[in-house]
Structures are given as C-alpha cells and as structure tokens.
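One structure is given here, and the rest of the page talks about it.
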Amino acid sequence: MHPVRTAATRPAEHPVSAARSVLRTVLGRVLLLPLALAGCTPRPATDAPPTPPMIDATARTLMQREHVQGLALAVIDSGAVTHVAAYGIRNAAYDPLTTETVMYGASLTKTAFAYLVMQLVDEGRLDLDASIADLLPRPLPAYDDYHDLAGDARWKALTMRILLTHTTGFANFRWLEDDQKLRFHHDPGTRYGYSGEGFYIAQLVLEEGLRLDVGRRCRRASSIASA
C-alpha cells in the first residue's frame, strides 16, 4: 500500500481507511437510488440509476479528496455487470491501474468458499455439524501442517460450522504466535475469534475428505451464482 497524503486541516488517516471511505461513498451513491426505488411499484423510467459517467466523476472526485492512489470498481445490476472501471495507479512505479489488473482478493475469497460449502450441504455431500474426524481420511494431526495439534484431542470437536464461523479457538495465523505453532486458545465453538487457520482446515476437509479441486469448484460456484 502506497503512502496516502492527508489534508493538513484533518487528522492523519490510514490509507486503507481512506480507500474504504471512498468505496463506501461511491458504492453508497451508486446503490442508494436503486435501493430507495425498490418496492412494489415499477421504477419510473425517469428515475434511472447513476450513469457510468456519473460514477466515474464521483470516484475521481472522492479519490482526489482523500488522496487515494488507485481504485477499481464494478457495478452489478440485476445480476449483470453494467460498468467496470479503474482509476489511478497500481504501484510505486506509477503504472496505471486497469480493469485487467489482478487485485489481491485476500479474505474476500472466504465468501466464495463459504458459498461453495453451502452448495455441498444442499447437495447432501457435507454435514456442517459433523466432526472433521469423520470427514477426513486421516486424523488432522497426521497431516504435515497440523502436527502441532497431536497432543490436543480438541481438534475432534471442530466442525465445518465452527471453522466457517471463526469459533475454532485458533489465532488468526500461527505465525502470529511467539513460537509460530498452532494451538487452541479456548475450546472450539465457545468463543468468536477471527481465524484464517480455520478456513485452511475447511479447505483440507474438502480436498482430502471429498476429493474436490477447491479452486475449480469455487470458480464453478461463482459462475452459477452470476448466471
């Protein structure tokens, strides 16, 4: 993330916060009118949603105001992509951000993965409340990445529901621990604590237990959702 300047008359703001502020404002202005008009009566033809030029102008104005270096957005209306745009730069070399730039998805992928899991539940192939001990062909600690749990039987209490709802008891990532080892900080299912480690285990369950190619199936799930 590149440094983001702030106006001298305002307190310094983290660049991520500034970018999120711009996104919230742009999307709010794009979506507010359609939401306000959504109801039992048809929308009058004169009350059209913001046009692409309006969206572009708003995005550029807000980026300039917040000193945001780069922004990409897509507008989806009734399941159809109606506008895709990119503004500004993508790196310190001032290369332009384009609609073809590969953006870091980070935890946005958790939504797609959870959607895939629920599809498998609907298909009767997965039980959200079954112990992963019953879903995996081998005990979890037998896998190379999970030897740290060999002396703690609480891993058997993990379920797909617990993994997806961030109640595993793990830290977000094991490398945040002083010794960089995976451990339970509390019993599974008893407390919320955001954890990417839980999603790694959920992925392992699908790949080892159901023999799924998770990447390919997620792309398929996304295409079905947008159809």
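General observations
- Residues of region 190-206 that turn out to be in contact with a Ser or Thr (Cβ under 9 Å, 6 or more places away or on another chain) and surrounded by 15 or more Cβ atoms within 10 Å (Cβ to Cβ), as a count: 7
- Number of the exception - ASP145 against (1) touching a helix residue (DSSP H, G or I) at 6+ places or on another chain (Cβ under 7 Å); (2) assigned to a helix (DSSP H, G or I): (1)
- When every residue of region 95-111 is checked against the conditions, at least one turns out to be at pLDDT 95 or above and either outside any loop (DSSP other than H, G, I, E, B) or crowded, with 16+ Cβ neighbours inside 10 Å (or both).
- Single residue of ARG219, ARG183 found to be closer than 30 Å to VAL81 by Cα and surrounded by fewer than 18 Cβ atoms within 10 Å (Cβ to Cβ): ARG219
- Residue in region 114-123 that is in contact with an Asp or Glu (Cβ under 6 Å, 6 or more places away or on another chain) and without any contact (Cβ under 8 Å) to a residue 60 or more places away in the chain present: no
- First in region 169-191 and more than 13 Å from ILE201 (Cβ to Cβ), second anywhere and among the hydroxyl-bearing types (Ser, Thr, Tyr) and at pLDDT 95 or above, Cβ under 8 Å, 6 or more apart: ALA171/SER195; ASN172/TYR194; ASN172/SER195; GLY189/THR159; GLY189/THR167; THR190/THR167; ARG191/THR167
- Residue list for region 119-146, filter: within 19 Å of VAL214 (Cα to Cα) and surrounded by 15 or more Cβ atoms within 10 Å (Cβ to Cβ): GLN119, LEU120, LEU126, LEU128, ILE132, LEU135, LEU136, LEU140
- Each residue in region 182-220 was checked for being more than 19 Å from THR165 (Cα to Cα), of a type outside the set (A, V, I, L, M, F, W, C) and assigned to a loop (DSSP other than H, G, I, E, B), and 2 of them qualify.
- Test result for THR168, over 25 Å from TYR192 (Cβ atoms) and assigned to a loop (DSSP other than H, G, I, E, B): no
The values are calculated or read from the model by the stated rules, or taken from the named source; none is laboratory data. Predicted, not measured: the structure shown is a model, and the values here were computed from it. Note that each Cβ is placed from the backbone with ideal geometry, even for glycine, and that neighbours are counted across all protein chains shown.
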